[in-house]
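The values are calculated or read from the model by the stated rules, or taken from the named source; none is laboratory data. Predicted model, so just to flag it, every value in this text is computed and none were measured. We place every Cβ from the backbone using ideal geometry, glycine too, and count neighbours over all the protein chains shown. Quick note on the areas: whole protein, heavy atoms, side chains included, nothing else; ligands and nucleic acids left out. Shrake-Rupley method; radii C 1.70, N 1.55, O 1.52, S 1.80 Å.
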Amino acid sequence: MRRMDRGSLAAALFLISLGVIFLIVNLVPGLTFSRTWPVILLAVSAAFFLPALIAEEARRGLAALAIPASIFLVLGLIFLYNTLSSDWAVWAYAWILLPGSVGLGLILASAIGGWERPASEIGVWMLVVSGAAFGLFATLFGEPLLKAVGAGALILGGLLMLLRAFRRGAEPAG
């Protein structure tokens, strides 16, 4: 497929996605744009992921688009939670997930683009530290659902650190 065709394909898919979102919001009773607008951020996230998935020969360079895609993804999920639950107070500590979204982007970019291992390792640590910090604050100050999610984030972060410690212990000294 020619380069211009891929760009047109990505733009067309993005516009179609937005159209489907607006159609669903307008046709489904009870759904309002004031409660579902964060879905647009999720569509923007998907639009950032598309070029690296479509253009195989440029995948290594385009993989970096996974970083802004992940930021839009996390922002979309946070805002979707806010609008559906009306729990806007969570922003007092939800912002701490943004460095983790960059870490998620590094992990995905490394996987998509075949980047060297240090990039994904940095991404994992950014994600773990950010998720653990969010987990701590969510467990202390969140609504009941967030308290459970926060406790789960702390457990997952601890398990990932244990896994890393065991893997390091199994590596030959050198």
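Tabulated values for the structure
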read-out: Those residues of region 95-144 which are not small (Gly, Ala, Ser) and not in a helix (DSSP H, G or I), in sequence order; value: Trp95, Ile96, Trp115, Glu116, Glu143
read-out: Selection count where residues are open to solvent by 60 Å² or more (accessible area, probe 1.4 Å) and modelled with pLDDT of 90 or more, scope region 100-120; value: 1
read-out: Residue within region 134-145 that is buried (at least 18 other Cβ atoms within 10 Å of the Cβ) and under 30 Å from Leu50 (Cα atoms) present; value: yes
read-out: Which listed residue is modelled with pLDDT under 80, assigned to a helix (DSSP H, G or I) and open to solvent by 60 Å² or more (accessible area, probe 1.4 Å), from Leu9, Leu15, Leu23; value: Leu9
read-out: Test result for Phe141, among the aromatic types (Phe, Trp, Tyr), within 17 Å of Trp91 (Cβ to Cβ) and more than 17 Å from the chain's Cα centre (by Cα); value: yes
read-out: Leu41 vs. criteria under 15 Å from the mean Cα position of the chain (by Cα), open to solvent by 40 Å² or more (accessible area, probe 1.4 Å) and touching a residue at least 24 places away in the same chain (Cβ under 8 Å); value: no
read-out: Filter pass, Ala69 being open to solvent by less than 60 Å² (accessible area, probe 1.4 Å), in contact with a Gly (Cβ under 9 Å, 6 or more places away or on another chain) and either of a type in the set (Ser, Thr, Tyr) or in a helix (DSSP H, G or I) (or both); value: yes
read-out: Unmet criterion (only one of (1) open to solvent by 80 Å² or more (accessible area, probe 1.4 Å); (2) over 14 Å from the mean Cα position of the chain (by Cα)) for Trp95; value: (2)
read-out: Which numbered condition Ala63 misses (of (1) surrounded by 17 or more Cβ atoms within 10 Å (Cβ to Cβ); (2) without any contact (Cβ under 8 Å) to a residue 40 or more places away in the chain); value: (2)
